[in-house]
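Participant: Encoded as structure tokens, here's the structure I'll be asking about.
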Amino acid sequence: MATAGNSNINAKLVLLGDMGAGKSSLVLRFVKGQFLEFQESTIGAAFFSQTLALSDATVKLEIWDTAGQERYHSLAPMYYRGASAAIIAYDITNTESFERAKKWVDELQKQGNPNMVTALAGNKADLEENRKVAAEEAKAYAEVNGLFFMETSAKTAVNVNDIFYEIARRLPRAQPAQNPGGMILTNTPSEIAQSSNCCS
Amino acid sequence: MDEEYDVIVLGTGLKECILSGLLSVDGLKVLHMDRNDYYGGESTSLNLVQLWKRFGKEDTPPERLGLSKEYNVDMVPKFMMANGALIRVLIHTNVTKYLNFKAVDGGFVYSKGKTHKVPATDVEALKSPLMGLFEKRRARKFFIYVQDYDESDPKSHEGLDLNKVTARDVLSKYGLEDNTVDFIGHALALYRDDSYLDQPATDFVKRIKIYAESLARFQGGSPFIYPLYGLGELPQGFARLSAVYGGTYMLNKPECKVEFDENGKAIGVTSEGETAKCKKVVCDPSYLPEKAKKVGRVARAICIMNHPIPNTNDSHSVQIILPQKQLQRKSDMYVFCCSYSHNVAPKGKFIAFVSTEAETDQPEVELKPGMDILGPVEETFFEIYDRFEPTNQNEDDGCFVSTSYDATTHFESTVIDVLSMYTKITGKEVDLTVDLSAASATE
Ligand SMILES: Nc1nc2c(ncn2[C@@H]2O[C@H](COP(=O)(O)OP(=O)(O)O)[C@@H](O)[C@H]2O)c(=O)[nH]1
Ligand SMILES: [Mg+2]
């Protein structure tokens, strides 16, 4: 959930979309500035934390990748739990992946919280010569469904930072206090110190 | 699917998910399947509509109970000891990162027809109405001895070698009365029957220490914590751990038939006409019923209420243990209650569970002593389910079958089963010496 305090915002962001759309690649590009032609699932990462400094707020994104559980439609409800933002990705060279992205939008509307900031990412924009999904079509769909739309390339980095920053800009600055928050058990004293300044 | 795996896990109950997670972290190639289209198997949490369906009720839940999706009703309700084995596993694997916990308000015990807060320290013993004046002092001395007991410091042993003397010997040294022994053994040391009295006292003393240390940890009114949104979050968290380390997940797979070679050794699992090969199979007893035997039955009631359980200081989450002797039964009865404060029900609603090892075929009658302390209930579901234990030799067949969940309201026995299965599967022990003092809570 996004929590605000002195313009410090913590938000969970989840990636959705079919296998092969480039979700893990988008995260890797954004967090590490890398791109791998044969991207294996990012082993061992619970999620990535990335702090974005905006003019009016510092936004700490906790970015959750699917860990491959989307492959056989086995994402757990906990994946969506408490998410304040989502990127739904498809591959612009693959019509089916766009159709499936629409299914993910439906799923998110069922499972997620209604105020979620949602982006639609038409990924692999560098493969213009193989394009199968017109940008106008995706844009029109996004508008009707209250998403914002960008075409990205994890390979060339086009629009990758932009889409994450745009999400951060759109997150509500102040949110009503959530149901009495629980505690997260942590392992390292430093982590405690870090996160204890987030909530007031 | 037609690949070869080190281990195929069947069923996404908590035990199977913890094992799947640990094995994937070890670098083994794991395929995890479930016949249901949801995570958790027997240890899932259901919304109201699912609960209605599960108990075969006609029509739909009444409106007065609130929104279905705000319910997360555990099918195996249990609390977690704040310093107990499951917390160690959660921290060891970092699965804590996926979960939010909240302390449980109260730990109570039923004695002579009434519920009382369980006293776990010398200070609390002196305040407790459970004991008379002189008994309080004796209990206080006993608690001080347990608190100061340090295995490596013989000076703290007061001349008792806990590996040699029994729990009964220790208790009689302090001259404690039967009623006191009853709540210490069942509500503090969390034994399910009285056989511990004749066992070496080491385990007994350790259990009381864990209770007291857990109680001190989060300044709650009990030594327990519980995840927001219910226990169904736990298997999902461990499944994610397994996936993050390369485990493959498939829900909604019908059949899941284990295939054997001519020597009776498991070699794969077939579903929907495809067979995945493997070296070992891990599963709950429902996937290999021929390799398990019935060892008991659990009787339980699930109740939806509009109020906390009476005489529990308004606790919004609470455990009450009704020791066997207090009820003239062979096994203890457990009452577990949680509510909207842990996001398992809509605002103002409470969910109480009464459970025990069944001794008759009439759960309504048998569970009455526990039901009687709940006060008025809106809705009740009664059920008896069988408990199974594996009967196979896993050296021969490569199958590792978990034991069904028992009636207790805590996880200690669950984790013991998981850790011993892990050791049988891998030949290794899980090192759970995590630094619990460094591990603490952030709000
Ligand atoms: N050309 C190109 N290939 C990409 C791009 N993003 C991802 N890929 C490739 O597409 C494949 C699938 O990417 P991956 O991130 O694993 O997809 P995921 O299953 O959605 O996580 C990999 O081989 C990537 O290298 C992109 O923007 N352009
Ligand atoms: Mg991926």
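The values are calculated or read from the model by the stated rules, or taken from the named source; none is laboratory data. No experiment lies behind these values; they were computed from the predicted model shown. Cβ coordinates were reconstructed from backbone atoms using ideal geometry, including for glycine residues, and neighbour counts include every protein chain displayed. The protein model used for the area step is the full one, side chains on, heavy atoms only, and it has no ligands, DNA or RNA in it. Shrake-Rupley method; radii C 1.70, N 1.55, O 1.52, S 1.80 Å.
Participant: Could you pull out the residue among A:LYS132, A:LYS124 that is open to solvent by 50 Å² or more (accessible area, probe 1.4 Å), in contact with a helix residue (DSSP H, G or I) (Cβ under 9 Å, 6 or more places away or on another chain) and near ligand 1 (Cβ under 10 Å from one of its atoms)?
Facilitator: Details: A:LYS132 fails: near ligand 1 (Cβ under 10 Å from one of its atoms).
Every option except A:LYS124 fails the conditions.
Participant: Let me ask something else. Looking only at the range B:354-365, which residues are surrounded by fewer than 24 Cβ atoms within 10 Å (Cβ to Cβ) and either modelled with pLDDT of 95 or more or of a type in the set (A, V, I, L, M, F, W, C) (or both)?
Facilitator: Taking the range B:354-365 as the starting set, the residues that turn out to be surrounded by fewer than 24 Cβ atoms within 10 Å (Cβ to Cβ) are B:357-365.
Those that are surrounded by fewer than 24 Cβ atoms within 10 Å (Cβ to Cβ) and either modelled with pLDDT of 95 or more or of a type in the set (A, V, I, L, M, F, W, C) (or both): B:ALA358, B:VAL365.
Participant: Can you list the strands (runs of 3 or more DSSP E) found entirely within the range A:19-103 that contain at least 1 residues being within 14 Å of chain B (Cβ to nearest Cβ), more than 16 Å from ligand 1 (Cβ to nearest atom) and acidic (Asp, Glu)?
Facilitator: Working: elements: A:48-53, A:58-64, A:85-91.
Result: A:58-64.
Participant: Residues in the range B:406-421: is at least one outside any loop (DSSP other than H, G, I, E, B), over 17 Å from B:LYS280 (Cα atoms) and of a type in the set (A, V, I, L, M, F, W, C)?
Facilitator: yes
Participant: While we're looking at this one, here's another question. Condition first: without any contact (Cβ under 8 Å) to a residue 40 or more places away in the chain, part of a loop (DSSP other than H, G, I, E, B) and under 29 Å from A:GLY82 (Cβ atoms). Now tell me which residues in the range A:122-158 satisfy that.
Facilitator: The answer is A:GLY146, and nothing else.
Participant: Yes or no: B:ILE18 at pLDDT 95 or above and closer than 24 Å to B:PRO223 by Cβ? I'd like the intermediate steps shown before the answer.
Facilitator: Values: at pLDDT 95 or above: yes; closer than 24 Å to B:PRO223 by Cβ: yes.
Considered against the rule, which asks whether it is at pLDDT 95 or above and closer than 24 Å to B:PRO223 by Cβ, B:ILE18 comes out as yes.
Participant: It is to be established whether one or more residues within the range A:135-158 are aliphatic (A, V, I, L, M), out of contact with any strand residue (DSSP E or B) (no Cβ under 7 Å at 6 or more places or on another chain), away from ligand 1 (no atom under 11 Å from the Cβ) and at pLDDT 95 or above. Full working, then the answer.
Facilitator: Step one: list which residues in the range A:135-158 are aliphatic (A, V, I, L, M), which gives A:135, A:138, A:140, A:142, A:144, A:147, A:150, A:154, A:157-158.
Those left that are additionally out of contact with any strand residue (DSSP E or B) (no Cβ under 7 Å at 6 or more places or on another chain): A:140, A:144, A:157-158.
When the remaining residues are screened for being away from ligand 1 (no atom under 11 Å from the Cβ), the result is A:140, A:144.
This time we only want the ones that are at pLDDT 95 or above, so: A:140, A:144.
Within the range A:135-158 (the criterion being aliphatic (A, V, I, L, M), out of contact with any strand residue (DSSP E or B) (no Cβ under 7 Å at 6 or more places or on another chain), away from ligand 1 (no atom under 11 Å from the Cβ) and at pLDDT 95 or above), the answer is yes, since at least one residue qualifies.
Participant: Would you mention how many residues in the range B:279-311 are within 30 Å of B:GLY66 (Cα to Cα) and touching a residue at least 60 places away in the same chain (Cβ under 8 Å)?
Facilitator: Residues of the range B:279-311 within 30 Å of B:GLY66 (Cα to Cα): B:298-311.
From what's left, touching a residue at least 60 places away in the same chain (Cβ under 8 Å): B:298-307, B:309-311.
So the count comes out to 13.
Participant: Looking at the range B:316-340, which of its residues are more than 20 Å from the chain's Cα centre (by Cα) and within 14 Å of chain A (Cβ to nearest Cβ)?
Facilitator: Of everything in the range B:316-340, just one residue is more than 20 Å from the chain's Cα centre (by Cα) and within 14 Å of chain A (Cβ to nearest Cβ), namely B:TYR340.
Participant: Under the condition of being open to solvent by 30 Å² or more (accessible area, probe 1.4 Å) and modelled with pLDDT under 90, which residue from the range B:392-415 is farthest from the other protein chains (Cβ to nearest Cβ)?
Facilitator: Among them, the one singled out is B:SER413.
Participant: In this structure, is B:THR360 assigned to a loop (DSSP other than H, G, I, E, B) and either outside the structural domain of B:PRO77 (by TED's automatic domain parsing) or farther than 18 Å from B:THR403 by Cβ (or both)?
Facilitator: Working: assigned to a loop (DSSP other than H, G, I, E, B): yes; either outside the structural domain of B:PRO77 (by TED's automatic domain parsing) or farther than 18 Å from B:THR403 by Cβ (or both): yes.
Taking the combined requirement at face value, the residue satisfies it.
Participant: Moving on to the next point. List, please: which pairs have Cβ atoms under 8 Å, are six or more places apart or on different chains, and start with a residue in the range B:366-384 that is at positive phi and end with one that is at pLDDT 95 or above?
Facilitator: So the pair list comes out as B:GLY375/B:MET305; B:GLY375/B:HIS307; B:GLY375/B:ILE309; B:GLY375/B:PRO310.
Participant: Can I ask one more? Cβ-Cβ below 7 Å, separation at least six or inter-chain, first residue in the range B:17-31 and within 19 Å of B:GLY268 (Cα to Cα) and open to solvent by 10 Å² or more (accessible area, probe 1.4 Å), second at pLDDT 95 or above and not in a loop (DSSP other than H, G, I, E, B): which pairs?
Facilitator: B:LEU28/B:ASP6; B:LEU28/B:VAL7; B:LYS29/B:TYR5; B:LYS29/B:ASP6
Residue by residue, here is whether (1) β-branched (Val, Ile, Thr); (2) touching a residue at least 40 places away in the same chain (Cβ under 8 Å); (3) surrounded by fewer than 17 Cβ atoms within 10 Å (Cβ to Cβ) holds:
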| residue | (1), (2), (3) |
| --- | --- |
| A:ARG71 | no, yes, no |
| A:MET78 | no, no, no |
| A:ARG81 | no, no, no |
| A:SER84 | no, yes, no |
| A:ARG100 | no, yes, no |
| A:ASP106 | no, no, yes |
| A:GLN109 | no, no, yes |
| A:PRO114 | no, no, yes |
| A:LEU120 | no, no, no |
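Participant: While we're on this one: Would you be able to say whether some residue in the range B:87-109 is of a type in the set (Val, Ile, Thr) and away from chain A (no Cβ under 14 Å)? Let's see the steps before the verdict.
Facilitator: So in the range B:87-109, the residues of a type in the set (Val, Ile, Thr) come out as B:87, B:89, B:91, B:93, B:95-96, B:104, B:109.
So of that shortlist, the ones also away from chain A (no Cβ under 14 Å) come out as B:109.
The answer is yes; a qualifying residue exists.
Participant: Could you please let me know if B:GLY246 is in a loop (DSSP other than H, G, I, E, B), within 14 Å of chain A (Cβ to nearest Cβ), among the small types (Gly, Ala, Ser) and surrounded by fewer than 20 Cβ atoms within 10 Å (Cβ to Cβ)? Spell out the reasoning first.
Facilitator: Details: in a loop (DSSP other than H, G, I, E, B): yes; within 14 Å of chain A (Cβ to nearest Cβ): yes; among the small types (Gly, Ala, Ser): yes; surrounded by fewer than 20 Cβ atoms within 10 Å (Cβ to Cβ): yes.
So B:GLY246 fits the description; yes.
Participant: Only residues that are open to solvent by less than 10 Å² (accessible area, probe 1.4 Å) and within 17 Å of B:GLU255 (Cα to Cα): list them for the range B:279-301, please.
Facilitator: B:VAL281, B:VAL282, B:CYS283, B:LEU288, listed by residue number.
Participant: Between B:GLY159, B:GLY107, B:GLY84, B:GLY56, which is small (Gly, Ala, Ser) and at pLDDT 90 or above? Steps first, answer last, please.
Facilitator: Values: B:GLY159 fails: at pLDDT 90 or above; B:GLY84 fails: at pLDDT 90 or above; B:GLY56 fails: at pLDDT 90 or above.
Of the residues listed, the single one that is small (Gly, Ala, Ser) and at pLDDT 90 or above is B:GLY107.
Residue-wise test of (1) free of Cβ contacts under 8 Å to residues at least 24 places away in the same chain; (2) open to solvent by 20 Å² or more (accessible area, probe 1.4 Å); (3) of a type in the set (S, T, N, Q); (4) under 17 Å from B:TYR145 (Cβ atoms).
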position	(1), (2), (3), (4)
B:LYS164	no, yes, no, yes
B:ASP182	no, no, no, no
B:ASP198	no, yes, no, no
B:LYS206	yes, yes, no, yes
B:GLU213	no, yes, no, yes
B:ARG217	no, yes, no, no
B:SER222	no, no, yes, no
B:LYS253	no, yes, no, no
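Participant: Looking at (1) open to solvent by less than 10 Å² (accessible area, probe 1.4 Å); (2) under 30 Å from B:LYS112 (Cβ atoms); (3) at pLDDT 90 or above, can you tell me which one B:GLY230 breaks?
Facilitator: (2)
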